[in-house]
Amino acid sequence: MAPLVEIQDLNVTFATRKELVHAVRGVSFTMGREKLGIVGESGSGKTVTGRSILGLIRPPGRVRARKLFFDGLDMQRADEKRLRQIRGSRISMVMQDPKFSLNPVMKVGRQIAEACRIHTRISGAQARFKALEMLETVRIRDPQRVYNAYPHEVSGGMGQRIMIAMMLVSDPDLLIADEPTSALDVTVQLQLLAIVDDLVTSRGMGLIFISHDLNLVASFCDRIMIMYAGKVMEICSAAELEKARHPYTRGLLNCLPRIDGGRGDLAVLERDPAWLEESGD
């Protein structure tokens, strides 16, 4: 079976007045309809990698890759019209904070229905029905009330559920979730992840889950890609994360606090400039 996403030697640079910033350096990976976690520190290139797949890097950013394919389509050769057809309908992206993703002056239901109509070409009544159905699918107790609410009238956790409903209402093949739980408390995080897991599994989708929380990703994804300074350090099975060999991955694991880990100081993550010369393939 052909991979859903195939990337070879992805490089993303941003030209500034002083220098050329290398945000992503030679990233290569393939994935099918599975859950792939991308983990790393802030600035490691996780979000830029996700946005590159969608063609959302704008000047002064520049994307170059030997291969940047989605379901057999060369995303580098696709024109803007074709990319707009793919975004939202076949690839959706959930951003980090719903407060900046939802239109504050438009009711929640109208936003979901609008996304549905743009990508599926159905009637207004059908879009309303599907929007209410999606709100119920993401386990919102009173879909009708939330449908008629404004974004500021819902909690952060409910806002993220609304964003997930909006991104999945068109039945995409790939969902890119960019730290969707970082602003939520632990119990709401687990509830949200359970919803995403159920939806992705039941629909046979692919998922790229971007996070800085290694333990969270390990408990949720099938494979994990660890990034540092724009490069892939290691790709491993989530079930075998504790057996990871790269010093950076080991360093991240050692920095995690443990309930049974004693009262000593946490380890300090040490970085080696030589890692940037290594290949993560």
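Quick look at the values:
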quantity: Candidate set from region 137-158 (those that are among the polar types (S, T, N, Q) and more than 17 Å from residue 199 (Cβ to Cβ)); member that is modelled with the lowest pLDDT; calculated: 155
quantity: Residue count for region 177-232, restricted to those that are buried (at least 19 other Cβ atoms within 10 Å of the Cβ), over 19 Å from residue 137 (Cβ atoms) and among the small types (Gly, Ala, Ser); calculated: 4
quantity: Count of residues meeting criterion [within 25 Å of residue 90 (Cβ to Cβ) and over 24 Å from the mean Cα position of the chain (by Cα)] in region 133-170; calculated: 0
quantity: Condition broken by residue 164, with the remaining ones in (1) closer than 17 Å to residue 131 by Cα; (2) in contact with a Leu (Cβ under 9 Å, 6 or more places away or on another chain); (3) part of a loop (DSSP other than H, G, I, E, B) satisfied; calculated: (3)
quantity: Top-ranked residue in region 88-113 [being crowded, with 18+ Cβ neighbours inside 10 Å and of a type in the set (Ser, Thr, Tyr); ranked as modelled with the highest pLDDT]; calculated: 92
quantity: Region 114-129: number of residues that are surrounded by 20 or more Cβ atoms within 10 Å (Cβ to Cβ) and out of contact with any Gly (no Cβ under 7 Å at 6 or more places or on another chain); calculated: 2
quantity: Helices (runs of 4 or more DSSP H) lying entirely in region 174-281 (those with 3 or more residues that are in contact (Cβ under 8 Å) with a residue 60 or more places away in the chain, in contact with a helix residue (DSSP H, G or I) (Cβ under 9 Å, 6 or more places away or on another chain) and farther than 30 Å from residue 86 by Cα); calculated: none
quantity: Selection status of residue 85, under 20 Å from the mean Cα position of the chain (by Cα), over 21 Å from residue 10 (Cα atoms) and surrounded by fewer than 17 Cβ atoms within 10 Å (Cβ to Cβ); calculated: yes
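The values are calculated or read from the model by the stated rules, or taken from the named source; none is laboratory data. Computed from a predicted model, the values in this text were never measured in an experiment. Heads up, the Cβs are rebuilt from the backbone with ideal geometry, glycines too, and the neighbour counts pull from every protein chain shown.
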